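J.: Below is the structure I would like to discuss, written out as structure tokens.
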Amino acid sequence: MELKIDHQSPVPLHFQVEELLRKIIELPEYKNGGFLPKEVELAKRLGISRNTIRQATNKLEYEGLLTRKKGVGTKVAENTVTTSLDSWHSFTQEMSEKGVVFVNFRIETKWVKADAKLAAFMQIPEETEVLCLVRLRGFEDGPFVYFESYFHPRIGLTGKEDFARPLYDIIEEDYHVVPVLSREKIRAKTASAITAKRLKIRNGDPVLVRERFVFDPGNRPIEYNIGFYIAEKFTYSIDIKR
């Protein structure tokens with residue numbers, strides 16, 4: 001690809017550089033983690049100042065398309081998932097709204113006996129059988145999140161549903177149970193051997209653990225969900241207003 005901008009154009013130089021960089025980061029040699037040419041090199045080749053380059057890269061870094069490390073350089077950000085605290089949906093709905101194409105590497109259901117933690121949340125006796133939905137999801141190059149969802153028996157799920165559909169669509173449209181509240185906990189930890197194997201990372205690599213407690217309009221428990229995300233591929237966004 002030819003690195004060139006139009007110095008006679010009325011379009012500001014930093015806008016032109018920004019558009020040029022957007023094209024560059026889609027090239028195979030840069031996509032998903034490749035280092036960009038150094039700022040000094042780009043500035044010389046384009047005949048502009050380093051400040052103009054920096055203005056464009058700052059914009060793309062803010063958008064999460066580039067990452068910059070002092071003394072190392074600027075590279076294309078790897079595929080990540082960003083979710084927001086002020087709006088929650090099923091994973092499928094979140095990804096669809098963002099236009100993110102993901103792969104289901106594994107979807108399966110099983111019946112398990114509720115342990116003390118699950119029984120306390122769902123307000124059911126320990127050892128009660130509950131449906132567990134297991135999903136391993138990611139991009140084409142590999143998984144980035146492993147989910148386990150446990151559902152209150154009251155809902156009536158059988159385990160034979162098409163769980164490639166958005167989960168809360170199934171619960172609401174097919175079983176007339178409306179999820180209205182999600183309480184979430186997020187913590188960082190190192191990957192256990194089993195989590196590392198599932199996510200195809202190294203034992204001890206950082207992962208984010210996201211727990212979700214979902215309730216209906218009567219504040220009755222519907223679902224307990226726990227997800228294990230590869231830390232570098234997941235961002236949790238919070239908007240705080242004064």
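J.: Residue check: is PHE163 in contact with a helix residue (DSSP H, G or I) (Cβ under 6 Å, 6 or more places away or on another chain) and over 17 Å from ARG212 (Cα atoms)?
T.: no
J.: Can you tell me which residue is modelled with the lowest pLDDT among those in the stretch 1-58 that are surrounded by fewer than 13 Cβ atoms within 10 Å (Cβ to Cβ) and among the small types (Gly, Ala, Ser)?
T.: GLY33
J.: Considering each of GLU108, GLU161, GLU129, GLU140 in turn, give the residue that is of a type in the set (D, E, K, R), at pLDDT below 95 and more than 21 Å from GLU184 (Cα to Cα). I'd like the intermediate steps shown before the answer.
T.: Values: GLU108 fails: at pLDDT below 95; GLU161 fails: at pLDDT below 95; GLU129 fails: at pLDDT below 95.
Only one candidate passes the filter, namely GLU140.
J.: For a quick check of your reading of the model, give me the residue pairs whose first member lies in the stretch 8-24 and is assigned to a loop (DSSP other than H, G, I, E, B), whose second is surrounded by 14 or more Cβ atoms within 10 Å (Cβ to Cβ), with beta-carbon atoms closer than 8 Å and at least 6 apart or on different chains.
T.: SER9/GLN16
J.: Taking only the stretch 135-161 into account, find how many residues are under 23 Å from the mean Cα position of the chain (by Cα) and surrounded by fewer than 18 Cβ atoms within 10 Å (Cβ to Cβ).
T.: 5
J.: Moving on. Going by what's in this entry, would GLU61 be described as part of a helix (DSSP H, G or I) and either assigned by TED's automatic domain parsing to the domain that holds GLU232 or modelled with pLDDT under 85 (or both)? Step through it out loud before you land on a result.
T.: On the way: part of a helix (DSSP H, G or I): yes; either assigned by TED's automatic domain parsing to the domain that holds GLU232 or modelled with pLDDT under 85 (or both): yes.
Spelling it out, GLU61 is indeed part of a helix (DSSP H, G or I) and either assigned by TED's automatic domain parsing to the domain that holds GLU232 or modelled with pLDDT under 85 (or both).
J.: If you don't mind, another one. Name the residue, out of ALA164, ALA191, that is among the small types (Gly, Ala, Ser) and either without any contact (Cβ under 8 Å) to a residue 24 or more places away in the chain or surrounded by 13 or more Cβ atoms within 10 Å (Cβ to Cβ) (or both).
T.: Working: ALA164 fails: either without any contact (Cβ under 8 Å) to a residue 24 or more places away in the chain or surrounded by 13 or more Cβ atoms within 10 Å (Cβ to Cβ) (or both).
Going through ALA164, ALA191 in turn, the sole match is ALA191.
The values are calculated or read from the model by the stated rules, or taken from the named source; none is laboratory data. All of these numbers come straight from a predicted model, not from anything done at the bench. Quick reminder, even Gly has a Cβ in these numbers, built from the backbone with ideal geometry, and neighbours come from all protein chains shown.
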